[in-house]
Number of protein chains: 4
Amino acid sequence: MQSSTPAARTGRPRSAAADAAILAATREALVELGWSKLTLGDVATRAGVAKTTLYRRWAGKNELVVDAVAALFDELELPDRGSLAADIEGVVLQFAAILGRPEAKSGLMAVVAESTRDDALRERIRASIVDRQKRLVLEGRARATARGELPPESDPETATRTADLIFDMVAGAVVHRTLVSARPADEEWVRGFTRVLLVGLTSPGAYGD
Amino acid sequence: MQSSTPAARTGRPRSAAADAAILAATREALVELGWSKLTLGDVATRAGVAKTTLYRRWAGKNELVVDAVAALFDELELPDRGSLAADIEGVVLQFAAILGRPEAKSGLMAVVAESTRDDALRERIRASIVDRQKRLVLEGRARATARGELPPESDPETATRTADLIFDMVAGAVVHRTLVSARPADEEWVRGFTRVLLVGLTSPGAYGD
Amino acid sequence: MQSSTPAARTGRPRSAAADAAILAATREALVELGWSKLTLGDVATRAGVAKTTLYRRWAGKNELVVDAVAALFDELELPDRGSLAADIEGVVLQFAAILGRPEAKSGLMAVVAESTRDDALRERIRASIVDRQKRLVLEGRARATARGELPPESDPETATRTADLIFDMVAGAVVHRTLVSARPADEEWVRGFTRVLLVGLTSPGAYGD
Amino acid sequence: MQSSTPAARTGRPRSAAADAAILAATREALVELGWSKLTLGDVATRAGVAKTTLYRRWAGKNELVVDAVAALFDELELPDRGSLAADIEGVVLQFAAILGRPEAKSGLMAVVAESTRDDALRERIRASIVDRQKRLVLEGRARATARGELPPESDPETATRTADLIFDMVAGAVVHRTLVSARPADEEWVRGFTRVLLVGLTSPGAYGD
DNA sequence: TTCTAAGCGAGACGGTACGTCGCGTCTTTTG
DNA sequence: CAAAAGACGCGACGTACCGTCTCGCTTAGAA
C-alpha cells in the first residue's frame, strides 16, 4: 500500500502476518454471520489478535470489509476463448460465481450502501475493487481488436465512456440478477445477457449517428 | 399489508396517523443520518410516538425501511413519449432521479445487503419494490407492440424471461452507475445506455436463432 | 434520599430491589477483590443487573463505593456502659471492628484519596459518613453531662469546635493505627488511647487557658 | 534502592539522572492529574524516558508513587523552639503543610488504600515513610527529657508503645482534619490539638495507675 | 352507561457491541 | 548491552441501541 518509503522506522514493526490473519478472519466471519452480525471483536478473536491491533490498522468495519472483499475479485481473469462473445461469457460467469459466494454477497452490497454517505469509503471501493477490475474490459477490447472483431477505437474519450458503460451494465446486471432478483446467473442467463450487450454495442447505429 | 379481516376487533384501534408519521420520520432520518446511524428510538421520537408503538407494527429496522423506501418508487410512471426509445429513456431518467435522493440511496442498498442473509426480507423487497415496478416493463412492451414497434410475443415463458432480463439490466445499470461509479445517470448517459439496450433487444439475431 | 416528591412519574419505575442488590454486590466485590480490582461490570454481574442499570443510578465507582461503605457505619451505636471512659472505649472498639472488615478498609481510604481531587465526592463522603456519625460524639457528651462527668458547655461555637476535634482525633487515630501502622486496635490500645484523649480533654487547663 | 554492589557491571550502565527525572515527573503528574488519572506512560513521557526504562526500575504505579511521595516527608525536621509544646506544634504544622500539597494528598492516601490488600506495599510505605519519620517523636522526647520536661523512660517497651500511640494520634488527626474534614490544620487548630495531646500524655494518671 | 380490552407515552430493564485507554510485555533500531 | 520507540495481547471503561417489560392513561366498541 505504501510503496517507496524504505525509511526503516524505529520501534517494533507491525506484524505482517496479522494483516493476512485479520482479512481471512473477516471473510470467515462474513460467511458465518453476514455483514450486520459481524463484530470487530469477533474478527479479532478469530484472527488471534487484539482488538486494538485491528483498530490500529483499519478505521472501522467498512474499511476492513472493503479490503477483505477486494481480494476476492483479484481472481478474475480473461481466458482466451477464441471470440469476444465467449470471452465475455467467461468472465461474466466468473464474476457471477464470486458474487454467489456469501462473503462477497453480504459484504459488497453493505459497503456500497455505506459508501453513499461516506466519500472516502466510496473512493476506497473504487480504487480497490472497481477500477482494479476495469482492466478486464480493456483487455477484452484489446484482444477483440487484435482479432479483428472490433474496429480500433480512435477517440480515447469515447473509448473511456464506452468502457465505463460496459462495466456499469455488466456489473450492474449481474449484481441485480444475483442479489435482488435472487436467481442464478447461470450459463443460460449469461448467454442471453451477453448476446443483448454485444449486439447492442456492435450493431450499426448503436453508437454511431 | 393488512389482510381482509374486516372483523372489527375490540379494544382501542391502532392509530392510522401513526403509520404515516413513522414512515415519514424514517425517510427524514434516512436523509439526515443514513441507514447505519438511523436508530428506531430516534425515528420514534421524530414521529412523536413511543418505541413500543413502532415495534408493534414493524419487526425491525429492515422491514421499516423497506416500507419507507418502497413508497418512493410508486411515483414512477411511463408517460407516452411517442416511441419505445423515448419511453424507456423517460422512465430510466425518473428511476435515476429517485435513486439520486439520499433516502433511497442509503436505504435501498442497505436492505438489499441485509436481504442476502434473510429470505423473508428478500421476499418483502421483491413484493414491495421489485415486482411492483415490473409493471413498467410490461406496459412499455404493450405500448410498443400496439405501436407496431415490437412484434407480439407469442411464447409467454420467453416473454417473462425477457422482461426479467430487461429489468435486471435497467435497474442494475442505473444503480451501478449511480451508486458504485458515483457518476450522474444524466440524459447523455441514459441515451447511450438505452440505445445499446434497445438495439441489443431488437436487432435480428439478438434473441432469435 | 428524595423526600417529599410524591410526584408519581410516568414510565416504568426503578426497581427498588436493584439498589440493594447492587450495594450488597459492591461490598462482596470489595471483600474479594479490593477497590482497585473492583470493576463495575463485575458488580453488575454479581447483582444480576445490567451495567446500564448501575450507571443509571451512580455516576461511577467512587459514588457507588461511598454508598456501599456508608451503610456499614450505621451499625455504630453508643451503648450506656456507665461512664464516659467506658462509653468511648466501647464505640472506639466498634469503630475499629468495622474498619477491620476488608470491605471498609479497602473502600474507605480509596474514596477519601479520590475525594482530594473531587469536591462533590468529598461532600458526599461527609454527608453520608462523617457528619452522620458525629451524632455519636454529641450523644456521648450529652450523656456524660447528664451524669455530671462533664460541665454543661455554654458556648455553642466552642462545643462544635471541640466535637470536631474529638472526631478528627478518634477517627484519625483508629484509621492510622489500623491501616497505616497495620496493628490491631484492640482493647489494650483502645484503653491507652482513650485515657490520653479523656485526660487531655478534661484536665484543668486543657482548654481553659 | 540499588544495593552496595560497587562491582561495575558490564554493558551500558543505568542512567542515574533517569531516576530523579522519573520521580520528579511523577510528582508533577500527581499535582496535575491526581493519583487515579496518573498513567505510567504519561510519567515516562514527562520524564523523557521510555516506558521500559521505568518498568525496569519500579514494579508498578504503587511502588513508584511511594518513592515519589516519601521524599516529600524527608523535609520534616524538629527545630528547637524551647519547649515540648512548641516543638510539637512546629512539627505538626510542618506535617500539615506537606499534607496540604496536592502531590502528597492525592498520592499518600491512595497508596495507603492499596496497601490494605498488598502486604509488600504496606511494608514499603512503612519503611519509606512511617518509620522514617518516627525519628521525630524520638528526637522530641529526647530533647524534652534533656530539658527536664519529661522524666526519663525506663521501660523500653512502654517507650515504644507510647511513641507508636503518639505517632498514630498525630498523623491520624492531621490527616483526618486535612483530608476528610477538609478543613485547614492551621495554627489555632494545631494549638488546641497539641494541648489535648500533651495534657493527656503528661497529666498524672494518664498512663500511671 | 359502564365495562373492558387493546393502544399508547414513557422510561427502566438485561443485553451486546462499540471504540478508547492504560497496562505490562515484546521486539525492533540506535547509541 | 541499555535505551527509545512503538506494536502487541489483554481487560475494563462508559456509551449507545437493541428489543422487552412494566407502569398509568386513553380510547372506543361491546355489554
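Ratio of Rg to Rh for region A:16-57, alpha carbon only, Kirkwood?
Details: Rg = 9.3 Å, Rh = 9.9 Å.
We get a ratio of 0.94 for region A:16-57.
Can you tell me the orientation of helix A:156-175 relative to chain A, as the angle in degrees between its alpha-carbon axis and the longest Cα principal axis, to the nearest 10?
Long axis of A:156-175 versus the principal axis of chain A: about 70 degrees.
Once the label point is set 7 Å along the Cα-to-beta-carbon vector, what list of distances in nm do you get between C:A127 and its counterparts in the other copies?
In nanometres, ordered from closest: 4.4, 5.6, 5.7.
To the nearest whole number, what is the average tally of beta carbon atoms from other chains within 10 Å of the beta carbons of peptide B:175-188?
The per-residue average across the peptide is 5.
What is the spin-label model distance, in nm, from C:E153 to B:T39 if the labels are put 7 Å beyond Cα along the C-beta direction?
5.4 nm
Enter the per residue convex hull volume of the protein assembly as shown, computed from alpha-carbon coordinates, in Å³ rounded to the nearest integer.
241 Å³
Of all accessible surface on the protein assembly as shown at a 1.4 Å probe, what whole percent is carbon and sulfur?
On the way: 21370 of 40540 Å².
Heavy-atom surface of the protein assembly as shown belonging to carbon and sulfur, 1.4 Å probe: 53 percent.
7 Å along Cα→Cβ for the label point: how many nanometres lie between A:A71 and each equivalent label in the other copies, listed shortest first?
Here A:A71 shows inter-copy label distances of 4.5, 5.2, 5.4 nm.
Could you give P(r) for region C:70-201, binned at 5 Å from zero, as whole percent values over all Cα-Cα pairs?
Values per bin, smallest distances first: 2, 9, 19, 24, 20, 14, 8, 3, 0.
I need to check one value: relative contact order of region A:134-209, counting alpha carbon pairs closer than 8 Å and at least 6 residues apart, in percent.
Relative contact order of region A:134-209: 20 percent.
In region D:123-169, which trypsin sites (Lys or Arg not before Pro) are in a loop and have at most 16 other Cβ atoms within 10 Å, using DSSP for the loop call?
Within region D:123-169, no trypsin sites (Lys or Arg not before Pro) qualify (loop, at most 16 other Cβ atoms within 10 Å).
Give the interface area between chains A and B as buried accessible surface, both sides summed, probe 1.4 Å, in Å² to the nearest 100.
Looking at A and B, the buried total is near 4000 Å².
On a 0 to 90 degree scale, rounded to 10, what angle separates helix A:61-73 from the longest Cα axis of chain A?
50 degrees
Run lengths n ≥ 4 of DSSP H only: what is the helix-derived mean residue ellipticity at 222 nm for chain C, with -39500 (n - 2.57) per run over all residues, to the nearest 500?
Mean residue ellipticity, 222 nm, calculated: -21000 deg cm²/dmol.
Relative to the longest principal Cα axis of chain D, at what angle does helix D:187-202 sit, 0 to 90 degrees, rounded to 10?
With both axes taken from Cα atoms, the answer is about 60 degrees.
Please compute the contact order of chain C in relative form: average sequence separation of alpha-carbon pairs under 8 Å and at least six residues apart, divided by the residue count, as a percent.
Relative contact order here is 20 percent.
Please list A:T45, B:T162 from largest to smallest accessible area, probe radius 1.4 Å, with all protein chains kept in place. Please report the intermediate quantities before stating the final value.
Values: A:T45 105, B:T162 20 Å².
In descending accessible area the options line up as A:T45, B:T162.
What size of dipole, in debye to the nearest 20, comes out for chain A about its Cα centre when the only charges are +1 on Lys and Arg C-beta atoms and -1 on Asp and Glu C-beta atoms?
Around 900 debye, computed over chain A.
Let's see if you can work this out: charge +1 on each Lys and Arg Cβ, -1 on each Asp and Glu Cβ, no other charges. What is the dipole magnitude of the protein assembly as shown about its Cα centre, in debye to the nearest 20?
On the way: 112 positive and 116 negative charges, 82 e Å.
Value, rounded to 20: 400 debye.
Going down the table (B:K37/C:K37; A:K51/D:K51; C:K37/D:K51; A:K134/B:K61; C:K61/D:K51), which pairs top 25 Å between alpha carbons?
Violating the 25 Å limit, Cα to Cα: B:K37/C:K37; A:K134/B:K61; C:K61/D:K51.
Which loop GluC sites (Glu not before Pro) in region D:22-93, with loop taken from DSSP, have no more than 15 other Cβ atoms within 10 angstrom of their Cβ?
D:E75, D:E77
On average over all directions, what projected area in square nanometres does region B:83-157 have, based on the convex hull of its Cα atoms?
The directionally averaged projection comes out at 6.2 nm².
The values are calculated or read from the model by the stated rules, or taken from the named source; none is laboratory data. From a predicted model like this one, the values you see are computed outputs, not experimental measurements. Using ideal geometry, Cβ is built from the backbone for each residue, glycine included, and neighbour counts are taken over all protein chains shown. Surface accessibility is based on the protein's heavy atoms, side chains included, excluding ligands, DNA and RNA. Shrake-Rupley method; radii C 1.70, N 1.55, O 1.52, S 1.80 Å.
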